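Asker: Before I ask anything, let me first share the structure, which is written out below as structure tokens.
The values are calculated or read from the model by the stated rules, or taken from the named source; none is laboratory data. In this text, all values refer to a predicted model and were calculated from it rather than measured experimentally. Cβ coordinates were reconstructed from backbone atoms using ideal geometry, including for glycine residues, and neighbour counts include every protein chain displayed. For accessibility, only protein heavy atoms count, side chains too; no ligands or nucleic acids. Shrake-Rupley method; radii C 1.70, N 1.55, O 1.52, S 1.80 Å.
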Amino acid sequence: MRVERTEVDGRQWRSTIAAAQAGDRRALDDLVEGWLPLVYNIVGRALNGHADVDDVVQETMLRAVGNLGSLRDPDSFRSWLVAIAMRQIRDRARRSRPTAPADEVPSDAADFAELTVLRLQLEGQRREVAEAVRWLDDEDRQLLSLWWLEVAGELTRRELAAAVGITRQHAAVRVQRMKERLETARGIVRALDGACPDLRELTARWPGRPDSVWRKRLARHIRGCGYCSDTRESVVPAERLLVGIALVPVPVGFTLSLAFGGKTAVAATSVGWSAKVMTALTKPAVAVTAGATIAAGGAYVVTQTPQDTPRPPRAAAPAVPTATSTPTPPAPSPTPSPSVTQQKTDLYGTVVDAVDRAPDPNARPAALPRRPETGLTSTGGPHAVMNHRGDSVTLTGRGYVLVRWQISPQYRPGALVMPAWTGLKGKLFHVASGGGRRMDDRVSSTDSSATGMGSTATGYAQLPPGTQQMWQNEYFYVDGTVTLTVNERGADYGLSVFPSTWDDVTEDINHGPPDGATRYGLVRDTGRDDTPVPQYVTRARPTDPATVPQRSRV
């Protein structure tokens with residue numbers, strides 16, 4: 001069946017390629033738009049979402065278009081294009097510094113494993129395979145980027161071998177070794193999602209970034225641990241899980257610009273134009289509607305998946321919050337909370353990601369508007385404690401709820417995966433923050449580096465980009481039904497959830513420094529339906545809440 005489809009595709013693209021070679025701009029447009037997703041997936045998986053992905057994809061398409069006239073056999077276009085992509089990936093690896101820092105990827109860029117899980121809505125063992133990619137070395141990821149597409153029906157083994165530059169027999173050996181390492185990585189992902197106390201102790205110093213050293217340490221622990229090696233469900237081979245999985249959609253706002261100064265690809269090639277004279281990759285602030293268009297100055301392709309919406313541009317972060325009484329040491333990545341003096345109020349349905357100064361510790365918060373209270377019921381009772389990934393509580397009714405944070409960096413510092421609000425029916429507001437301190441305030445009189453997020457001795461829990469620094473107590477108002485799920489993974493934290501009242505919230509946020517606390521609280525509610533909802537909220541009920549996009553979908 002696959003062979004028949006390949007033949008049909010070959011006939012379709014043969015005529016398109018020939019027309020593009022002859023100078024047909026519409027054909028060139030179709031060619032670039034049609035093959036961009038394949039190139040993006042190969043490069044994205046090989047580099048796992050590194051900042052260079054856009055550049056490598058851009059360079060690959062530029063070289064393909066610029067050398068299209070030299071392609072003698074249109075039927076070999078796919079293997080030719082894939083080989084170009086792999087050469088660009090290897091060239092990028094040679095150009096990279098051998099001691100490049102592990103955190104050189106921009107903080108607002110999601111890796112390709114996460115994009116695969118979110119955009120394809122993978123669950124269970126399919127999600128496990130996608131996340132295991134993070135634990136592979138560069139060479140294995142490059143091979144996996146091709147093998148994944150082979151088992152998904154997008155490439156043939158002949159094309160895979162040609163792209164790597166080896167024989168089919170050697171390719172079979174290489175693929176088998178890579179699959180063995182992938183299975184080891186799957187076991188690590190599975191174990192980290194578990195609750196093995198020995199593994200928690202082992203990973204207490206793990207920075208949260210997969211690397212070969214920690215892969216070996218964790219694999220050694222898993223082999224000798226009865227808890228971690230006990231698989232309660234049959235492990236499905238990776239190739240069976242990946243069969244038929246679609247390509248990850250090209251992200252919103254990904255813009256490819258191929259400028260030829262009004263010339264066709266053939267003309268550009270014939271005069272020997274270098275790809276360096278072609279326009280570099282650009283990313284507009286507002287994504288354009290899906291489609292490819294050849295403009296007067298050259299080819300201009302913008303791809304946007306229908307289900308996606310553009311993320312609004314984020315304001316630049318201001319200075320570190322000030323404190324008049326007790327100084328706050330800088331934590332590795334916390335972002336300041338929104339201020340009560342914020343000029344513009346975000347409308348209902350936006351995320352809580354305003355970045356400006358936290359209020360002065362001695363400044364009393366604004367008055368908290370009183371909303372109707374008929375009471376809330378909680379599936380966790382009056383005090384739900386959630387410590388493990390997947391723990392959840394559903395709240396129903398009309399009233400206030402307290403979500404209390406407890407960070408435990410001494411057990412597992414790393415990047416926080418924030419809890420997800422899902423299945424919303426009605427409205428949900430983030431109304432106030434309290435508890436006497438923010439989580440990055442000082443908590444020790446003897447260790448100046450110690451905050452609620454950790455210390456230099458234990459390591460710090462780090463927030464994902466765009467997330468406001470949480471306070472010890474975060475208050476929400478629910479009108480309807482919503483579920484809160486813990487998605488703990490990189491850092492160890494727990495949540496306590498209490499149905500509350502307006503009186504309790506008001507008392508908490510006004511409990512200030514004269515009473516021994518570090519600071520007063522913060523009020524966000526204006527009394528109107530223009531208060532921001534919390535980040536990571538959706539009206540859907542996904543099987544795995546960890547797959548909820550890390551931004552508001554309301």
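Asker: Being touching a Leu at 6+ places or on another chain (Cβ under 6 Å), open to solvent by less than 30 Å² (accessible area, probe 1.4 Å) and modelled with pLDDT of 85 or more narrows it down to one residue among VAL82, VAL65, VAL57; which is it?
Answerer: The conditions single out VAL65.
Asker: Could you please give the count of residues in region 522-539 that are open to solvent by 50 Å² or more (accessible area, probe 1.4 Å) and touching a strand residue (DSSP E or B) at 6+ places or on another chain (Cβ under 9 Å)?
Answerer: 2
Asker: For region 234-257, state whether one or more residues are at pLDDT below 85, of a type in the set (S, T, N, Q) and under 22 Å from the mean Cα position of the chain (by Cα).
Answerer: The answer is yes, given that some residue of region 234-257 is at pLDDT below 85, of a type in the set (S, T, N, Q) and under 22 Å from the mean Cα position of the chain (by Cα).
Asker: Do we find a residue being touching a residue at least 24 places away in the same chain (Cβ under 8 Å), surrounded by fewer than 20 Cβ atoms within 10 Å (Cβ to Cβ) and over 19 Å from ARG489 (Cα atoms) anywhere in region 183-204?
Answerer: Yes, region 183-204 has at least one match.
Asker: Could you please let me know if GLY459 is on the phi > 0 side of the Ramachandran plot, crowded, with 17+ Cβ neighbours inside 10 Å and in contact with a helix residue (DSSP H, G or I) (Cβ under 9 Å, 6 or more places away or on another chain)?
Answerer: Yes, satisfied.
Asker: While we're here: Quick test of your reading of the structure: ARG551 fulfils all but one of (1) open to solvent by 40 Å² or more (accessible area, probe 1.4 Å); (2) outside any loop (DSSP other than H, G, I, E, B). Name the failing condition by number.
Answerer: (2)
Asker: Among the numbered criteria (1) assigned to a helix (DSSP H, G or I); (2) of a type in the set (A, V, I, L, M, F, W, C); (3) closer than 26 Å to ASP111 by Cβ, which one does VAL173 miss?
Answerer: Failing condition for VAL173: (3).
Asker: Same structure again: Between SER96, SER107, which is within 27 Å of GLY466 (Cα to Cα) and modelled with pLDDT under 75?
Answerer: Only one candidate qualifies: SER107.
Asker: Could we say that ALA171 is in contact with a Leu (Cβ under 7 Å, 6 or more places away or on another chain) and free of Cβ contacts under 8 Å to residues at least 24 places away in the same chain here?
Answerer: yes
Asker: GLY349: open to solvent by less than 50 Å² (accessible area, probe 1.4 Å) and modelled with pLDDT under 80, yes or no?
Answerer: yes
Asker: So which residues in region 165-182 are buried (at least 19 other Cβ atoms within 10 Å of the Cβ) and either more than 30 Å from ILE222 (Cα to Cα) or among the small types (Gly, Ala, Ser) (or both), if there are any at all?
Answerer: Scanning region 165-182 gives a single hit, ALA171.
Asker: Going through region 484-505 one residue at a time, which ones are of a type in the set (Ser, Thr, Tyr), surrounded by fewer than 20 Cβ atoms within 10 Å (Cβ to Cβ) and not in a loop (DSSP other than H, G, I, E, B)?
Answerer: Passing the criteria: only SER496.
Asker: Take GLY381 and decide whether it is free of Cβ contacts under 8 Å to residues at least 40 places away in the same chain and either among the basic types (Lys, Arg) or out of contact with any strand residue (DSSP E or B) (no Cβ under 7 Å at 6 or more places or on another chain) (or both).
Answerer: It is true that GLY381 is free of Cβ contacts under 8 Å to residues at least 40 places away in the same chain and either among the basic types (Lys, Arg) or out of contact with any strand residue (DSSP E or B) (no Cβ under 7 Å at 6 or more places or on another chain) (or both).
To keep it simple, each residue is scored yes or no on (1) under 32 Å from the mean Cα position of the chain (by Cα); (2) surrounded by fewer than 21 Cβ atoms within 10 Å (Cβ to Cβ).
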{"site": "ALA366", "(1), (2)": "no, yes"}
{"site": "ARG412", "(1), (2)": "yes, no"}
{"site": "VAL417", "(1), (2)": "yes, yes"}
{"site": "LEU428", "(1), (2)": "yes, no"}
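Asker: Separate question: Conditions: (1) in a loop (DSSP other than H, G, I, E, B); (2) open to solvent by 10 Å² or more (accessible area, probe 1.4 Å); (3) within 30 Å of SER444 (Cα to Cα). ARG519 meets all but one. Number of the miss?
Answerer: (2)
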